[in-house]
Structures are given as structure tokens and as C-alpha cells.
Amino acid sequence: MIQHAGEAIVLRTWPFQEADLLVSLFTREQGRVKGVARHAMRSRRRFGGALEPMTYVRASYAERPRQELMRLDAFEILSSPMSHPIDYARTAALQMVAEVLEEALPEHAPEDAVFRLALAVLSELQVGRVWMPITYFALWMNRLMGWMPELGHCAACGLDLRGGAVWHSAMSDGVTCADDRKGGSAALSAESVATAMRMFRGPVSGLAEEDWPKARGADLRRFAIEVLERHLEGRLIAARALARG
């Protein structure tokens, strides 16, 4: 049995065999893993509130030979989303981060850049200011997973689109000029393209002091989510919930 201890983010939990919980955990050193928290539904001594989704913890766990599931021994809370006020939009945004990480990351594949992105975005997802960090997260997840299309040129004719609006379709890769747009395409404004470039150049904290109402960058957020859903081959439930927030 190999013992592990390190930073992790709790993604999701399920009831498992009487009072146990099955936990999906995004660890810094081993990527996404699943483990069993024995008696977690009955006793709070070892885990307490550390099993809430999107809690950042120091996890102690053991890898057992020839078994897929880790044995989760104890979690120490480093940061909890429950330590700040919660409302509908923040809850949906936290759920979206968890859902994307759960669906996008293969098991046992360390992704330090994604781990750092998740921590940075979690620190900025607060009541009344969720729209910028969730847009930033969706864009950067596409880039880090290799799914982000090039925004400067038309994928059909190669036209230079820098400085102008582009068109995108949920059914195809890349962006196009107006002449080559497909039926059902949506426009991504020149302002939103410029915003995406700003997000790729700096940390999420550098944008946090700006005013970001829901309407700002809404087309950019829709675009980033559609790219994620195209590559994940399914709709993001939490993204739909967030859109209603």
C-alpha cells in the first residue's frame, strides 16, 4: 500500500455502501482520482465539512494494489467555499467548475496548470461577481486542454479577422468571417474577442476589480461553454443552471 499526502480539490461525492462516501478528488500530484471515505456519513471526525464540493484540502490517502479506489484517510481544509456567502449564481458557478474538471480530466493524469487555474478562479468566485471568473475559467480550460480555436483568422478562407467580430457554430471547430458563417452561427463581438485576448495575457485577479455584470461578455461566455461542450460531447448541466441565474 502506497501512502500519499498532498493538495486536492473535492469535486463530487456519492453515497457508497452504508455510511461510506465515494469521492472524486482532483489531486495536484496524481490528477483526478476516486476514493472511499469510510464512515464519512456517520462520523465527522476525520473529514468534517471537507467533503463539500470545491473544498481545497490537504488529503491523506492510500493507494491499494490492484484496486481502482483509493482509501481516503483524512482531509484538512485549506479553503472552503462555504466560508463565504452563497447564492444561486455562485452555487451554479462552483458546480460548473466541478463538472468541467470531472468531465474533462482523465484519471491519474496530473495537470498542474489546471489545478492552479481552478484555485485562482475559486478565490474570485464570490457573490455578486461570478461572471468574469467563470468566463475566464471556461476560456482557459479550452486553452489548457488544447480545444481553444484560433480567433484571428477565418477557418474557412483564412481571412484576417483581428480587430473585428467573428462567427462560431456549436457544430464545428474554428471561427469564420461573416461570408463563411454556417447556418445557426452566432457572432462573437470584436469587444469580446479583445476581452478573450486580455484574459489569456493576465491572471484572473488582475480583472477582478472591474465591473462585470451578467451582460458583459455574455457572447464570449456562451462561445467558451459551447467549445467545452463540443469536446466533452455533452451539455454541461451546471452551465445551463448558471444561465438562469
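In table form, for the structure just shown:
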read-out	value
Some residue of the stretch 198-218 being open to solvent by less than 20 Å² (accessible area, probe 1.4 Å), assigned to a strand (DSSP E or B) and of a type in the set (A, V, I, L, M, F, W, C)	no
Failed item, numbered, when ARG66 is tested on (1) touching a residue at least 24 places away in the same chain (Cβ under 8 Å); (2) open to solvent by 80 Å² or more (accessible area, probe 1.4 Å); (3) not β-branched (Val, Ile, Thr)	(1)
Residues of the stretch 81-114 classified as in contact with a helix residue (DSSP H, G or I) (Cβ under 9 Å, 6 or more places away or on another chain) and either touching a residue at least 40 places away in the same chain (Cβ under 8 Å) or open to solvent by less than 30 Å² (accessible area, probe 1.4 Å) (or both), total	21
Scope the stretch 147-166; condition free of Cβ contacts under 8 Å to residues at least 40 places away in the same chain and either in a helix (DSSP H, G or I) or touching a helix residue (DSSP H, G or I) at 6+ places or on another chain (Cβ under 9 Å) (or both); matching residues	GLY152, LEU161, ARG162, GLY163, GLY164, ALA165, VAL166
Any hit, the stretch 226-234, residues being closer than 14 Å to THR135 by Cβ, free of Cβ contacts under 8 Å to residues at least 40 places away in the same chain and either in a helix (DSSP H, G or I) or of a type in the set (Val, Ile, Thr) (or both)	no
First in the stretch 181-210 and within 21 Å of LEU159 (Cβ to Cβ), second anywhere and loosely packed, with under 15 Cβ neighbours inside 10 Å, Cβ under 6 Å, 6 or more apart	ALA190/GLY164
Selected residue (only one of THR13, THR27 is of a type in the set (Ser, Thr, Tyr) and open to solvent by less than 20 Å² (accessible area, probe 1.4 Å))	THR27
Residues of the stretch 121-137 classified as under 26 Å from GLY6 (Cβ atoms) and either open to solvent by less than 20 Å² (accessible area, probe 1.4 Å) or within 11 Å of the chain's Cα centre (by Cα) (or both), total	6
The stretch 91-134: number of residues that are out of contact with any Gly (no Cβ under 9 Å at 6 or more places or on another chain) and of a type in the set (D, E, K, R)	6
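The values are calculated or read from the model by the stated rules, or taken from the named source; none is laboratory data. Because the structure is predicted, anything quoted here is derived from the model rather than measured. Reconstructed Cβ throughout: ideal geometry from the backbone, glycine too, with neighbour counts over all protein chains shown. Remember, those area values only see protein heavy atoms, side chains included, never the ligands or the DNA or RNA. Shrake-Rupley method; radii C 1.70, N 1.55, O 1.52, S 1.80 Å.
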